[in-house]
Amino acid sequence: MKHLFTMLLVLSIAPGLLAREDDNTFTRAVGQWQVTLLTEGQHEGRAAILVGATREMLATIPNGTFPGATNAFLARSGDLIVLIDTGYGKRLFDHLQALGVSPAEIDVVLLTHMHGDHIGGMIRDGEKAFPNARVYLPRQEHDYWMQQHGNAARMIELYREQLHLFLPGEARDGGTPLLPGIRGISAFGHTPGHCTYLLESRGERLLVWGDLAHAMAIQMPYPAVAVTYDVDPARAVTSREAILSFVTREKIPVAGMHVAYPGIGRVEEVSPGSYRFIPATQQGE
């Protein structure tokens with residue numbers, strides 16, 4: 001069952017890539033890791049969420065909208081099965097079933113932060129959806145949401161015995177080792193403990209950056225634009241600029257929870273402090 005997904009992804013578009021755009025299926029190899037997009041669908045974001053965008057910037061997006069998505073990612077290496085975020089949980093379990101993975105088989109859940117569109121799948125029918133998983137969460141994120149006394153705090157309490165709290169490191173220092181081939185790198189600002197995860201294997205890397213960017217069409221060329229969802233917009237901008245500099249300098253592909261299909265690609269600097277995103281489905285990716 002665990003390896004059924006390799007038969008379901010039927011269109012190979014480049015070495016290491018498997019995709020079917022009609023059902024939003026996409027997998028990328030990262031050394032021994034197989035990283036699969038689990039999306040709850042594509043959508044059009046609205047310029048109203050942008051903070052600090054000028055009229056000239058907004059003129060670059062037609063009709064005041066931009067492509068977006070709500071994504072999670074499944075990463076598999078040998079017998080280790082890792083889920084990075086859980087979306088709203090509306091389509092997550094259908095995706096896992098199609099890949100031949102049961103929730104009980106998930107070994108690790110990595111949470112980038114605790115907004116509802118990232119932890120919605122953690123609870124199912126009032127119970128833990130992943131009863132056997134170790135759940136990794138930045139301590140700063142844990143402490144913030146425990147003070148809010150909402151759904152995030154309830155989820156924390158439900159998973160208390162499975163919870164592994166850690167302090168994310170800085171990109172320049174290589175992040176915090178969490179598991180073989182996985183490091184946690186801070187990207188604070190969107191939330192107080194917002195975190196990215198760096199996957200490494202056989203000299204290849206992929207940074208799953210959570211909500212580092214919501215509006216790729218604007219926040220890549222203009223990283224100083226924030227969004228209304230940011231708890232600390234100024235710090236979110238600083239984190240985005242630092243991570244963009246890091247991944248372009250190190251030539252590390254990225255995956256994002258609000259990046260439109262295929263959700264994975266690479267970032268290039270086109271001028272100092274200004275970037276563009278190239279989806280992995282484009283030739284040569």
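The values are calculated or read from the model by the stated rules, or taken from the named source; none is laboratory data. Everything numeric in this text was worked out from a predicted model, so none of it was measured. Methodologically, a virtual Cβ is constructed for each residue, glycine included, from the backbone with ideal geometry; neighbour enumeration extends over all protein chains shown.
Here are the numbers for the structure shown:
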| read-out | value |
| --- | --- |
| Residue that is within 21 Å of Ala260 (Cβ to Cβ) and under 19 Å from the mean Cα position of the chain (by Cα), where the choices are Ala69, Ala133 | Ala69 |
| Tally, over region 186-200, of residues that are outside any loop (DSSP other than H, G, I, E, B) and without any contact (Cβ under 8 Å) to a residue 60 or more places away in the chain | 2 |
| Filter result (surrounded by 16 or more Cβ atoms within 10 Å (Cβ to Cβ) and either aromatic (Phe, Trp, Tyr) or over 22 Å from the mean Cα position of the chain (by Cα) (or both)) within region 25-64 | Phe26, Trp33, Ala53, Met57, Ile61 |
| Index of the failed condition, Val82 passing every other in (1) in a helix (DSSP H, G or I); (2) crowded, with 23+ Cβ neighbours inside 10 Å | (1) |
| Selection from region 85-103 of residues that are assigned to a helix (DSSP H, G or I), more than 22 Å from Ile182 (Cα to Cα) and touching a Phe, Trp or Tyr at 6+ places or on another chain (Cβ under 9 Å) | Ala98 |
| Single residue of Val208, Val267 found to be surrounded by 21 or more Cβ atoms within 10 Å (Cβ to Cβ), touching a residue at least 60 places away in the same chain (Cβ under 8 Å) and β-branched (Val, Ile, Thr) | Val208 |
| Selection within region 112-146 - in a helix (DSSP H, G or I) and closer than 17 Å to Phe73 by Cβ | Asp117, His118, Ile119, Gly120, Gly121, Met122 |
| Test: Leu18 is among the hydrophobic types (A, V, I, L, M, F, W, C), modelled with pLDDT of 75 or more and either exposed (fewer than 14 other Cβ atoms within 10 Å of the Cβ) or not in a loop (DSSP other than H, G, I, E, B) (or both) | no |
| Some residue of region 273-282 being β-branched (Val, Ile, Thr), within 18 Å of Ala187 (Cα to Cα) and touching a residue at least 40 places away in the same chain (Cβ under 8 Å) | no |
| Pick from region 216-264, criterion touching a residue at least 12 places away in the same chain (Cβ under 8 Å) and of a type in the set (Lys, Arg), ranking: surrounded by the fewest Cβ atoms within 10 Å (Cβ to Cβ) | Lys251 |
| Hey, Leu167 among the aliphatic types (A, V, I, L, M) and farther than 22 Å from Pro103 by Cβ or not | yes |
| Val225 vs. criteria within 17 Å of Asp85 (Cα to Cα) and of a type outside the set (Gly, Ala, Ser) | no |
